[in-house]
1. State whether the residues of the range 184-192 include one that is closer than 22 Å to residue 20 by Cα and either touching a helix residue (DSSP H, G or I) at 6+ places or on another chain (Cβ under 9 Å) or not in a strand (DSSP E or B) (or both).
2. Condition first: in a helix (DSSP H, G or I), closer than 22 Å to residue 73 by Cα and in contact (Cβ under 8 Å) with a residue 60 or more places away in the chain. Can you find one or more residues in the range 277-288 that meet it?
3. On the basis of being surrounded by fewer than 16 Cβ atoms within 10 Å (Cβ to Cβ), touching a residue at least 60 places away in the same chain (Cβ under 8 Å) and touching a strand residue (DSSP E or B) at 6+ places or on another chain (Cβ under 8 Å), does residue 159 make the cut?
4. Do we find a residue being over 20 Å from residue 1 (Cα atoms), without any contact (Cβ under 8 Å) to a residue 12 or more places away in the chain and assigned to a helix (DSSP H, G or I) anywhere in the range 60-75?
5. Among the residues of the range 173-206, how many are touching a strand residue (DSSP E or B) at 6+ places or on another chain (Cβ under 6 Å) and farther than 22 Å from residue 43 by Cα?
6. With the requirement that a residue be in a loop (DSSP other than H, G, I, E, B) and either touching a strand residue (DSSP E or B) at 6+ places or on another chain (Cβ under 9 Å) or loosely packed, with under 13 Cβ neighbours inside 10 Å (or both), what does the range 25-48 give you?
7. Quick check on residue 155: is it at pLDDT 95 or above, closer than 26 Å to residue 255 by Cβ and in a strand (DSSP E or B)?
8. Restricting the search to the range 244-276, which residues are surrounded by fewer than 19 Cβ atoms within 10 Å (Cβ to Cβ) and touching a strand residue (DSSP E or B) at 6+ places or on another chain (Cβ under 7 Å)?
């Protein structure tokens, strides 16, 4: 997969990138963070308590029929593809059920544990996907000003009353997170997991099961405890959340698209990404051998004679 995408890869220290939508993203030349590939130090992580082995599921060991591919399978395989392209580590973890909590909580302890063996953990829900596989994650971290002081970075939710915390600040979405290992990051995830116990955060117990679960616990409590400069990174909703079809046009999911409503779209998008890459490589291969593949005989006249193939 790396070889398939190699001709299209964005240089890790590129200063700009233009999207298919026509947006120009620029990284300041003086930003020297993450100038070298992180490789296996960065883990792309999927977590779920469910183990689906039915038709179209990623854990079905029969040959996958792309026409039967489920949306969750498309999302997970998108993450796996991205890791293969850039040489990152990848893991899909089946988590144990979390007693007396909504099962979205399992991502919190799993990320914490994964950080013990990796410098960075990039977590995505199965309905979230990388839209530009050619863009290395190091470049995105430059773009979003992730520094060596950042503990955790998340994208904002759309700014609506439903998505604000008790202080009126827009919540950050836990469907896409960038966590960087440090002692304080471990403390953050410990505080987060223990939030509903109310040992530290009075009033947090409700978020064990009430929507938005671990996301509400983080936004209402945990992020306010880690308020040193650059502790918590904020990724624009336009870049790392939502999709073009939602009502809030400031949350277009340019780099990370989150399909809250169209759960089948990750499968369709994965097929499109692979087809586009394959067709582009096929076309480029034709032109690389243009002298062997194309003969311009238009200057000859009939009857043909002495035409060399």
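The values are calculated or read from the model by the stated rules, or taken from the named source; none is laboratory data. The structure displayed is predicted, hence computed values, not measured ones. Cβ placement follows ideal geometry from the backbone for every residue including glycine, while neighbour counts extend to all protein chains displayed.
1. Within the range 184-192, none of the residues are closer than 22 Å to residue 20 by Cα and either touching a helix residue (DSSP H, G or I) at 6+ places or on another chain (Cβ under 9 Å) or not in a strand (DSSP E or B) (or both).
2. Yes, there is a match, as at least one residue in the range 277-288 is in a helix (DSSP H, G or I), closer than 22 Å to residue 73 by Cα and in contact (Cβ under 8 Å) with a residue 60 or more places away in the chain.
3. Here the answer is yes, as residue 159 does meet what is asked.
4. yes
5. Residues in the range 173-206 being touching a strand residue (DSSP E or B) at 6+ places or on another chain (Cβ under 6 Å) and farther than 22 Å from residue 43 by Cα: 0 in total.
6. 27, 28, 29, 30, 32, 35, 36, 38
7. yes
8. Result: 244, 248.
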